[in-house]
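Participant: My structure is below; once you've seen it, I'll send some questions.
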Amino acid sequence: MKSRVYRATLFALYQFSIAIGIVAMPIALAARQAGFTLPINRLLMRIGEAYENAQSTMK
């Protein structure tokens, strides 16, 4: 039961971080023009990997 809750939480967090990335796109583009980068890609990759690892341990 805990693993289902864990996977569901990771999935919701992954979807939420994608939505934040979409909303933050204009800010990220402006920041890139100014010479800064936002770590949204790293966040998405880590959460995606955690979700995939949770999926593979359940099989």
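The values are calculated or read from the model by the stated rules, or taken from the named source; none is laboratory data. In this text the structure is predicted, and so the values were computed from the model without any measurement. Here Cβ is always computed from backbone atoms with ideal geometry, including for glycine, and neighbour counts include all displayed protein chains. These accessible areas exclude ligands, DNA and RNA; they are computed on the full protein's heavy atoms, side chains included. Shrake-Rupley method; radii C 1.70, N 1.55, O 1.52, S 1.80 Å.
Participant: Consider the candidate values (i) 4, 18, 27, 19, 12, 9, 6, 3, 1, 0; (ii) 3, 17, 22, 21, 14, 10, 6, 3, 2, 1, 0, 0; (iii) 4, 19, 23, 18, 13, 10, 7, 5, 2, 0; state which one is P(r) over Cα pairs in 5 Å bins from 0, in percent computed from the structure displayed.
Facilitator: (iii)
Participant: Ignoring ligands, DNA and RNA, please state the percent of accessible area on the chain from carbon and sulfur, probe 1.4 Å.
Facilitator: Of all accessible area on the chain, carbon and sulfur atoms account for 65 percent.
Participant: Further, regarding this structure: Measuring from label point to label point, each 7 Å out along Cα→Cβ, what is the residue 50 to residue 2 span in nm?
Facilitator: Between residue 50 and residue 2, the label points sit 1.6 nm apart.
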